[in-house]
Structures are given as structure tokens and as C-alpha cells.
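The values are calculated or read from the model by the stated rules, or taken from the named source; none is laboratory data. A quick note: this is a predicted structure, and the numbers were derived from the prediction, not measured. A quick note on method: Cβ atoms are made from the backbone with ideal geometry, for glycine too, and the neighbour counts reach across all protein chains shown.
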Amino acid sequence: MKMRAYLYQGEYDKVLEVVNQIDALNKYSLFPSYAGLFKLENENNKEVLFDIQYMAGENSQGSLHDQYCGTGTGSWTRGSRYVPTDNLVAAYETIDGSAIDPKNPYAGRDPRLKFTIVVPGDYILGYRFPNYLYPGGAFNHPGNRLRHLSCRKYRIEPESALPPSGQSSLNNIVLRYADVILSKAEAIIETNGNVDAAVALINRIRTERNDVKITALPMGLSREAAREKLRHERRIEFALEGLYWSDIKRWKIGKDLYPLVIKDHKNSLIETRFPNGYLEYYNLLPIPNSELSLNKNLVQNPGW
């Protein structure tokens with residue numbers, strides 16, 4: 001079954017209108033370094049349209065993100081509240097489009113892989129990861145059963161720069177120009193626009209940064225093939241930024257992705273996401289309590 005876009009034609013037309021308004025400002029562009037996008041020293045750069053401004057200090061205006069979700073090193077046992085899975089790692093292409101070498105699986109891959117994810121053998125904060133392979137090395141929190149992959153994006157380095165608990169001033173980006181570019185590409189595809197124009201936009205993400213240069217997509221793709229490439233590019237470009245779950249719902253592709261088996265470094269089962277399959281109503285948002293309270297039937301029968 002072909003994937004269906006979740007937005008309606010008129011909504012995609014609105015996306016194109018808003019993108020054109022943003023471009024008319026002549027204010028935003030891709031930051032030249034993907035790795036540098038998420039560094040403290042590059043905050044509020046020309047790619048960022050909107051981010052959450054954190055402040056270090058004693059007024060509780062700092063971020064707890066690195067502390068709760070970071071990788072443990074030395075005496076720093078941090079939260080590792082979320083970590084990537086093998087399924088995400090497998091989605092990264094090789095730079096030249098060739099097959100992945102099973103004997104050296106992390107070599108020659110899209111540079112965004114190692115800018116986003118700490119894989120076995122990598123260093124983070126000066127410690128080699130993971131500590132079950134490299135004693136004394138970096139590690140995920142003991143409470144997280146997935147121990148062979150960790151997060152690098154939005155992590156403060158070096159270790160000497162780590163702030164006190166709750167005092168990180170590293171901003172969280174809500175909207176950046178790469179999202180504007182890929183939203184325009186998606187809207188072109190879904191409004192029966194020029195597919196080559198959409199592919200050219202996707203290729204900007206794949207080739208325009210100084211530290212991300214991977215094989216450009218060919219022109220002449222079918223609309224269905226371009227849609228597939230666009231959706232893949234969004235997943236990779238915004239990995240671990242909290243957008244993919246919304247994309248899954250918007251595109252209504254959950255049934256194509258789940259059930260999903262999650263295994264640890266010993267190939268033992270950790271969990272199966274949506275073991276009974278992804279149901280259509282999972283795409284819906286919950287009804288706010290403020291609206292439920294207006295329903296007399298629910299007020300009179302709160303057990304419903």
C-alpha cells in the first residue's frame with residue numbers, strides 16, 4: 001500500500017506560502033557544520049529560527065537535558081533517559097551509496113551518524129565507549145538496558161566544560177532552516193509540483209554543509225520515490241530531535257513500522273514496540289480535559 005500524506009492539499013499550499021515568507025526575509029541559511037549546530041558556542045546561528053533560551057546560574061533557568069540524558073563518564077553518572085537503537089543506526093546510508101561493510105559497519109557512513117550517535121569504539125568526553133568493551137570507559141546509565149549506543153547530539157564537551165547540575169545553558173532548537181527546506185520539498189511533492197525541484201532541495205541537506213557530503217539523489221525520480229527519499233532524509237537530519245514521532249503520525253505510517261523489536265548488545269530482547277501492531281487511533285491526539293469537562297455525560301458518569 002502506498003504511503004499517504006496526512007496533510008490536505010490546502011495545508012501544503014499554506015506550507016509553501018509560509019516558506020516563501022521565511023525565504024523573503026533573507027535571514028536564514030544552513031549552518032556550515034552539522035556537528036557544530038548543537039554546540040554551545042554556535043547558539044542562535046543563522047539556521048535557528050526558534051529555540052528555547054536557557055541561562056546558566058542560580059535562578060533555575062538552566063537545562064537539565066545533558067545531566068538527565070547524557071552519557072556517563074568517570075565520576076559523572078548521568079541519566080541516559082533516551083538512547084538510539086540499532087534500527088536508527090541501520091537507517092544511515094554510506095557516503096557513496098555502497099553496501100555497509102558488516103566487518104566494519106560504522107566506516108564510510110553518512111557523517112551525521114557519528115555527529116548524532118556514539119557507537120562502540122567512539123570517544124565521548126575523552127572516554128571510550130562502552131565500558132563493557134573498554135573498562136573505565138563511557139557508559140549509559142545502569143538502568144538503561146540498551147548499552148551499546150548512546151547520544152552525542154546536544155551533548156556538552158569537553159568534560160571540563162560540563163556545568164553543575166541543572167545549570168546548562170545549551171539551547172534546545174525547536175525549528176531550524178533545514179526543516180524549512182525539507183518542508184518545502186515535501187509540500188512540492190504532495191501538491192503535484194516539480195519533483196526535480198523537490199529533490200534539489202533534499203540534496204541541499206545532503207551536500208551543502210562542510211562536514212556532510214553524501215551522494216546526491218538523482219533527478220528524474222518518480223513522485224513516490226521522491227516521497228520515500230524525503231521521509232528518509234527527515235528521519236536522518238532530525239534524528240534524536242523529537243520530530244520523527246510526529247512525522248510518523250502525520251504520514252500515517254506507523255502500521256508499516258511496528259511491531260519493532262529492540263535488542264541489546266547480546267542480541268537479547270529488550271522490548272517490542274507495539275507488539276500487537278500500530279492501530280489507526282494511535283494517530284489521534286488525546287482530548288483535552290477542558291473539553292471533556294464540557295461533556296455532561298462524562299461529568300455525570302466519570303467512570304466512562
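Can you find, within the range 103-117, the residue that is surrounded by the most Cβ atoms within 10 Å (Cβ to Cβ) among those that are outside any loop (DSSP other than H, G, I, E, B) and among the charged types (D, E, K, R)?
By that ranking, first place goes to Arg112.
For every residue, the table says whether it meets (1) modelled with pLDDT under 95; (2) assigned to a loop (DSSP other than H, G, I, E, B); (3) within 27 Å of Arg231 (Cβ to Cβ).
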position	(1), (2), (3)
Arg4	yes, yes, yes
Tyr12	yes, no, yes
Lys27	no, yes, no
Leu37	no, no, yes
Asp51	no, no, yes
Met55	yes, yes, no
Asn59	yes, yes, no
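With the checklist (1) under 29 Å from Val119 (Cα atoms); (2) surrounded by 11 or more Cβ atoms within 10 Å (Cβ to Cβ); (3) not polar (S, T, N, Q) in hand, flag the one item Lys266 doesn't pass.
So the condition that Lys266 fails would be (2).
Check Gly62 against each of (1) closer than 19 Å to Ala35 by Cα; (2) in contact (Cβ under 8 Å) with a residue 40 or more places away in the chain; (3) out of contact with any helix residue (DSSP H, G or I) (no Cβ under 6 Å at 6 or more places or on another chain); (4) not aliphatic (A, V, I, L, M) and name the one condition it does not meet.
Checking Gly62 against (1) closer than 19 Å to Ala35 by Cα; (2) in contact (Cβ under 8 Å) with a residue 40 or more places away in the chain; (3) out of contact with any helix residue (DSSP H, G or I) (no Cβ under 6 Å at 6 or more places or on another chain); (4) not aliphatic (A, V, I, L, M), the one that fails is (1).
Conditions (1) among the hydroxyl-bearing types (Ser, Thr, Tyr); (2) touching a Cys at 6+ places or on another chain (Cβ under 7 Å), marked per residue:
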residue	(1), (2)
Ser183	yes, no
Ala187	no, no
Val199	no, no
Arg206	no, no
Glu224	no, no
Leu240	no, yes
Tyr244	yes, no
Asp247	no, no
Lys252	no, no
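Determine which single condition Leu49 fails, assuming it passes every other condition in (1) more than 30 Å from Asp264 (Cα to Cα); (2) buried (at least 20 other Cβ atoms within 10 Å of the Cβ); (3) touching a Leu at 6+ places or on another chain (Cβ under 6 Å).
Tallying (1) more than 30 Å from Asp264 (Cα to Cα); (2) buried (at least 20 other Cβ atoms within 10 Å of the Cβ); (3) touching a Leu at 6+ places or on another chain (Cβ under 6 Å), Leu49 fails exactly one: (2).
Quick check, is Lys39 more than 21 Å from Asn140 (Cβ to Cβ) and basic (Lys, Arg)?
Taking the combined requirement at face value, the residue satisfies it.
If I go through the range 61-102 residue by residue, how many of them are farther than 15 Å from Leu240 by Cα and in a helix (DSSP H, G or I)?
Result for the range 61-102: 1.
Considering only the range 8-22, state which residues are without any contact (Cβ under 8 Å) to a residue 24 or more places away in the chain and either within 29 Å of Thr116 (Cβ to Cβ) or within 23 Å of the chain's Cα centre (by Cα) (or both).
Val18
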